[in-house]
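Q: Got a structure for you, questions after.
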């Protein structure tokens with residue numbers, strides 16, 4: 001029987017959740033995100049990051065691309081507390097600005113950013129269309145949208161194998177967090193249906209690992225509504 005989506009809390013905002021998330025080894029996934037982004041977008045200079053968590057992806061991006069500046073936003077204060085520490089430790093306070101922001105209601109004007117990116121925010125949101133719509137709104141004409149998130153497994157056996165493979169060496173709480181996130185993730189059909197409602201071709205969404213999908217497109221790919 002196919003797994004149905006089971007929502008998890010929208011905001012991971014306890015100290016233990018933030019600490020456990022930050023302590024997990026995301027380095028390979030983050031580097032892959034950054035490499036794929038740069039291969040598609042060239043040399044971004046002004047980036048909005050939605051759901052930055054503890055700012056690991058913006059840090060990896062700025063370390064790899066020296067002219068990049070990132071406005072890194074999240075709704076979880078404990079995540080941002082650790083993000084602030086991580087940014088200071090990486091000596092990137094002049095290039096990464098942190099913002100306590102609800103991605104469902106962005107406080108930015110239309111067409112403000114040439115690149116909007118997000119890593120693993122969609123599965124936290126009960127109605128992901130709110131995030132996608134806001135991201136599109138603040139992206140400049142000709143600008144780029146790059147979203148990557150977890151892909152809900154087809155069944156419980158696949159879910160168990162993914163948790164054992166990618167979080168088996170983590171603590172019990174971290175393993176449970178990963179399992180909950182997989183259960184809350186969208187299926188490939190669901191994310192394709194979502195972006196098609198905004199006028200984007202479903203070909204702009206691709207499965208990019210055994211546990212991720214990626215939506216990568218220019219805003220101009222959108223058909224007239």
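Q: For segment 88-108, state whether one or more residues are in contact with a helix residue (DSSP H, G or I) (Cβ under 7 Å, 6 or more places away or on another chain), within 24 Å of residue 169 (Cα to Cα) and buried (at least 21 other Cβ atoms within 10 Å of the Cβ).
A: No; the residues of segment 88-108 include none that is in contact with a helix residue (DSSP H, G or I) (Cβ under 7 Å, 6 or more places away or on another chain), within 24 Å of residue 169 (Cα to Cα) and buried (at least 21 other Cβ atoms within 10 Å of the Cβ).
Q: Ok, one more. Of 194, 151, 162, which residue is more than 18 Å from the chain's Cα centre (by Cα), surrounded by 15 or more Cβ atoms within 10 Å (Cβ to Cβ) and touching a residue at least 40 places away in the same chain (Cβ under 8 Å)? I'd like the intermediate steps shown before the answer.
A: Details: 194 fails: more than 18 Å from the chain's Cα centre (by Cα); 151 fails: more than 18 Å from the chain's Cα centre (by Cα).
One residue alone meets the criteria, 162.
Yes/no matrix, rows are residues, columns are (1) touching a helix residue (DSSP H, G or I) at 6+ places or on another chain (Cβ under 6 Å); (2) over 22 Å from residue 114 (Cβ atoms):
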residue	(1), (2)
171	no, yes
175	yes, yes
180	no, yes
183	no, yes
187	no, yes
192	yes, yes
208	no, yes
218	no, no
223	no, no
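Read-outs throughout are calculated quantities, based only on the coordinates presented, and are distinct from any laboratory measurement. Model, not experiment: these values are computed from the prediction. For neighbour counting, all protein chains shown are included, and Cβ atoms are generated from backbone atoms with ideal geometry for every residue, glycine included.
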